[in-house]
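Engineer: Below: one structure in structure tokens.
All of the numbers you see were taken from the coordinates with simple rules; none came from a lab. Only a predicted model underlies this, so the values are computations on that prediction, with no experimental measurement involved. We place every Cβ from the backbone using ideal geometry, glycine too, and count neighbours over all the protein chains shown.
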Ligand code: AMP
Ligand code: MG
């Protein structure tokens, strides 16, 4: 199969719709990462996503819809605080987990009685979802366990020859996957941290917890079980910049080409041209992390990362991804 990369226009949207209705997959941009979309109503189409990505079949998918789509056709929208969250953050990088009405393929939720729904704000995503006017099941458009894609070229690198179409909307501005928040209970619970932080949700809903799986309990967000987001090269992660610099030097002495992944303030501790610079603001770090991991794996034998000290707000999401990518969590 040939994989086309097309700018988003009337012609490529018409092709995208035709492909989805045939049970095929279309990759599309969002403000977080690129998604791999298929018709959420079709078992066959949804199974295709798992097959192409090599995704474990107990890790449910998020359904994406345009901002005018009637959510009541998909889920029971019961909690008044959920409406407040929608008003405050949607369209945007927040996925809400509701009780499902069972109107999409059961394979989307892997047999759970809930459904995760997201309304992305990226204009290209909105144009695509509006044009097809379907619930679109979409995980990130990478091979399972690899770093999520934040450009059409990243999608092509992972899925070339396996999907027919990538809609190119440029580089993703957000950079890490959406916040996943369960809204079935008396107050919201964050299952996966992201650019809509726990603190932001708490401000709107009055209370918000972050779910931490207890030993022996069945996890509520199956994606948490898996190693994720890992570059192909070796990685190591340090809290101390001095230790990272020492390890970097040791790798180089052993003849291993090392690259440092760190905040701008530490860049001077490493040789020029060997720094994958995260910047210094949380939004910058989120936006750059995956592109730098993908750049690093192409050139480095080993990425030596320094974990940023800040862990509140959206840094909780950034650190979660960095830990999964570099520490094997
Ligand atoms: P990805 O599509 O790779 O960004 O991953 C989707 C994330 O959403 C995973 O962490 C899933 O476990 C989570 N998710 C999707 N649907 C549900 C659901 N119904 N209940 C809980 N978590 C979900
Ligand atoms: Mg993913």
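Engineer: Let me know the volume per residue of the alpha-carbon convex hull for the chain, in Å³.
Structural biologist: In the chain, the Cα hull volume divided by residue count equals 130 Å³.
Engineer: Need one number: % antiparallel among DSSP beta bridges in the range 143-293, to the nearest 5.
Structural biologist: Working: 3 of 9 bridges.
Beta bridges within the range 143-293, antiparallel portion: roughly 35 percent.
Engineer: By average Cβ neighbour count within 10 Å, what is the ranking of 51-60, 302-311, 144-153 from highest down?
Structural biologist: Those peptides, ordered most packed to least, come out 144-153, 302-311, 51-60.
Engineer: Please work out, to two decimal places, the log10 of the ratio I(q)/I(0) at q = 0.22, 0.25, 0.26 Å⁻¹ from a Debye calculation in which every Cα of the range 23-84 carries one identical scatterer.
Structural biologist: Treating every Cα as an identical point scatterer, log10 I(q)/I(0) equals -1.05, -1.18, -1.21.
Engineer: Can you pull the semi-axes for the range 27-144, root of five times each eigenvalue of the Cα gyration tensor, sorted largest first, whole Å?
Structural biologist: Numbers: eigenvalues 86, 59, 30 Å².
Equivalent-ellipsoid dimensions as semi-axes: 21, 17, 12 Å.
Engineer: Also, quick follow-up: Going by the alpha-carbon gyration tensor, a ≥ b ≥ c the square roots of its eigenvalues, is the range 209-329 rounded (a/c under 1.5) or, if a/c is not under 1.5, prolate (a/b greater than b/c) versus oblate?
Structural biologist: prolate
Engineer: Rg and Dmax of the range 48-106, Cα atoms, in Å?
Structural biologist: For the range 48-106, the Cα radius of gyration and maximum Cα-Cα distance read 13.4, 38 Å.
Engineer: State the Cα centre-to-centre distance between the range 162-179 and the range 88-121 in whole Å.
Structural biologist: So the separation of the two Cα centres works out to 19 Å.
Engineer: How much of the DSSP bridge set in the chain is antiparallel, in percent, rounded to the nearest 5?
Structural biologist: Just about 40 percent of them are antiparallel.
Engineer: Give me the extension gain from residue 250 to residue 88: residue separation times 0.36 nm, minus the current Cα-Cα distance, reported in nm with one decimal.
Structural biologist: Computed gain between residue 250 and residue 88 is 53.4 nm.
Engineer: Moving on. Enter the angle in degrees (range 0 to 90, nearest 10) between the Cα long axis of helix 10-21 and the first principal axis of the Cα atoms of the chain, meaning the one along which they spread out most.
Structural biologist: The helix 10-21 is inclined about 70 degrees to the chain.
Engineer: Does the range 98-150 come out rounded, prolate or oblate by the C-alpha gyration tensor, with a ≥ b ≥ c the root eigenvalues, rounded set by a/c under 1.5 and, if not, prolate when a/b is larger than b/c and oblate if not?
Structural biologist: Oblate is the answer for the range 98-150, as a/c is 1.5 or above yet b/c matches or exceeds a/b.
Engineer: Could I ask something else about it? Tell me, what is the FRET efficiency for residue 281 and residue 58 to the nearest 0.05, using R0 = 35 angstrom and their Cβ-Cβ distance as r?
Structural biologist: Computed FRET efficiency for residue 281 and residue 58: 0.45.
Engineer: At q = 0.11 Å⁻¹, what base-10 log of I(q)/I(0) does the Debye formula yield for the range 52-211 when every alpha carbon is treated as an equal point scatterer in vacuo?
Structural biologist: Ignoring solvent entirely, the Cα scatterers give -0.44.
Engineer: Can you compute the modelled spin-label distance between residue 103 and residue 47, with each label point 7 Å from Cα toward Cβ, in nm?
Structural biologist: In this crude spin-label approximation the distance works out to 2.5 nm.
Engineer: What ranking of 89, 270 emerges when the number of other C-beta atoms within 10 Å of each C-beta is taken as an exposure proxy, fewest first?
Structural biologist: Least to most surrounded, the residues fall as 89, 270.
Engineer: Tell me the Rg and the Dmax, in Å, that the Cα atoms of the range 152-223 produce.
Structural biologist: Cα only, the range 152-223: 16.8, 48 Å (Rg, Dmax).
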